[in-house]
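Remarks on the structure that follows.
The values are calculated or read from the model by the stated rules, or taken from the named source; none is laboratory data. Just so you know, these numbers come straight off a predicted model, no measurement behind them. FYI the Cβ positions are ideal-geometry reconstructions off the backbone, even for glycines, and counts take in every protein chain you see.
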Amino acid sequence: MIISSPYINVYRNMYFIRIYLRIFLFLTKRTARYIIENMNLKKINRKIQCLILLFVCVVLILPGCANRGQTVKNLIIMIGDGMGPVHEEAGRAEKCEPLAWDGFEYCFEATTDSLSGLTDSAAAATAIATGTKTYNGVICKGQDGKDLKTVTELAKSKKKAAGVITSDVLSGATPACFSAHSDGRGLENDIIESQLKSRIDLLMGQSTAAYDGYYGDFKKKGFTYCGSLAEAEKASGKIAGLFAGVPVKNNGLPGHETLRDMTVFALNRLSKNKRGFALMIEGAKIDHASHSNLYGQMIAELLAFDECVEIARDWAQAHGNTMVIVTADHETGGLKFSDGSYFFTSAGHTDSNASVYIQGWPREEPPFAEKIIDNTDIFKISRSVLGV
Ligand SMILES: [Zn+2]
């Protein structure tokens, strides 16, 4: 269960109100003493003026200090698609050392079910991006068909930069949930048109034939349409990086870019905004390999995602004022360990809980009081640290 942020705010406000009252009483006493001790009115007026000025300064400065302690400048949400706790165990075993998120300050488990029951990536990413459960296949729309406010939209409302990068196609369910609204994950043109209308500063992932038809529209909406990171480096303003491929490791082919290199680019570019940024990074193909029960490929994708987390974690530590969340939307493949080896037991999604790791939580109280949370709670803490 989340410790609701309004209560924390009320508690903190009460604390500061008490401080204000003490200061006010102190100043009143001092003023009264001056009036009694010293009947020179001109001098008293000057003293009173100084005290009032001091009081106004305290009133203006203290709330700013309080807010700085509760919010963060930058928010990085990293989703390993299909990565269950046993996938993580396998990753640790194959890497022969801890994963990049193992040293994070907090670790929770999130339930992942959607309004349809066993979730898909669209409903799970909608829960993480908007804090609301929806039906499988739906991209950030509620039961009433209306658009749900996403964490990226909230970041934009605070004049922060916003970015979405993925190793999947850019219209895939998870990147779509952080950049679009649509009745169906299969409605690709609808998703792209919604991405065009979004105020996102950076979109990057694998291209599809459908994106080719929107080249002019992206330009009209102020995006530079880039086929490689080298092109993106030269571009200024909003960027739509539509790549020919997103391989697990650099393969040298033109237009092929890794999630690792996109992560480095996105952190450099988005951090140019003085108000900070919100960035979603998806390691999509852990899910794809798990659907196909390809263990070696799954491990390669998981360790590639691990490398991206390491980069984001180190960036956050170096720059401070940044919260990093590492989680999964659901488990894929029913991965199990027995007799010294890992093996898949399903070709689909399972109801296993997803791990939630948090680094850079800006408050003394833990983000949640209990170990098991709901995936919608991830949105609640994101919104709360953005100060929205
Ligand atoms: Zn899947």
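Please tell me if E310 is away from the ligand (no atom under 16 Å from the Cβ) and either assigned to a loop (DSSP other than H, G, I, E, B) or touching a Cys at 6+ places or on another chain (Cβ under 6 Å) (or both).
Numbers: away from the ligand (no atom under 16 Å from the Cβ): yes; either assigned to a loop (DSSP other than H, G, I, E, B) or touching a Cys at 6+ places or on another chain (Cβ under 6 Å) (or both): no.
Here the answer is no, as E310 does not meet what is asked.
For region 269-311, which positions are among the aromatic types (F, W, Y) and surrounded by fewer than 21 Cβ atoms within 10 Å (Cβ to Cβ)?
Keep residues of region 269-311 that are among the aromatic types (F, W, Y), which gives 277, 295, 305.
Residue satisfying the conditions is Y295 alone.
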For this session: Could you tell me which of the residues N273, N293 is within 16 Å of the ligand (Cβ to nearest atom) and not in a helix (DSSP H, G or I)?
Result: N293
For this session: Give me a count of the residues in region 102-134 that are within 16 Å of the ligand (Cβ to nearest atom), out of contact with any Phe, Trp or Tyr (no Cβ under 7 Å at 6 or more places or on another chain) and free of Cβ contacts under 8 Å to residues at least 60 places away in the same chain.
Result: 2
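Go through the residues of region 335-345 one by one and say whether even a single one is within 16 Å of the ligand (Cβ to nearest atom), in the same structural domain as R275 (by TED's automatic domain parsing) and surrounded by fewer than 18 Cβ atoms within 10 Å (Cβ to Cβ).
Of all residues in region 335-345, those within 16 Å of the ligand (Cβ to nearest atom) come to 335, 344-345.
With in the same structural domain as R275 (by TED's automatic domain parsing) added as a condition, the list becomes 335, 344-345.
This time we only want the ones that are surrounded by fewer than 18 Cβ atoms within 10 Å (Cβ to Cβ), so: 345.
Yes; the residues of region 335-345 include at least one that is within 16 Å of the ligand (Cβ to nearest atom), in the same structural domain as R275 (by TED's automatic domain parsing) and surrounded by fewer than 18 Cβ atoms within 10 Å (Cβ to Cβ).
Kindly indicate whether any position in region 259-269 is assigned to a loop (DSSP other than H, G, I, E, B) and touching a residue at least 40 places away in the same chain (Cβ under 8 Å). Don't jump to the end; show me each part of the working.
At the first step, the residues of region 259-269 found to be assigned to a loop (DSSP other than H, G, I, E, B) are none.
Within region 259-269, not a single residue is assigned to a loop (DSSP other than H, G, I, E, B) and touching a residue at least 40 places away in the same chain (Cβ under 8 Å).
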For this session: Return the only residue of K371, K380 being at pLDDT 95 or above, surrounded by fewer than 16 Cβ atoms within 10 Å (Cβ to Cβ) and not polar (S, T, N, Q).
Result: K371
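So which residues in region 109-119 are surrounded by 21 or more Cβ atoms within 10 Å (Cβ to Cβ) and either outside the structural domain of G82 (by TED's automatic domain parsing) or not polar (S, T, N, Q) (or both), if there are any at all? I'd like the intermediate steps shown before the answer.
Just the residues of region 109-119 that are surrounded by 21 or more Cβ atoms within 10 Å (Cβ to Cβ), to begin with: 110, 112, 114, 119.
Matches in region 109-119: A110 only.
Is there a residue in region 356-371 that is in a strand (DSSP E or B), within 16 Å of the ligand (Cβ to nearest atom) and in contact (Cβ under 8 Å) with a residue 24 or more places away in the chain?
No: region 356-371 contains no residue that is in a strand (DSSP E or B), within 16 Å of the ligand (Cβ to nearest atom) and in contact (Cβ under 8 Å) with a residue 24 or more places away in the chain.
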For this session: Could you tell me whether D287 is more than 13 Å from the chain's Cα centre (by Cα) and within 16 Å of the ligand (Cβ to nearest atom)?
Result: yes
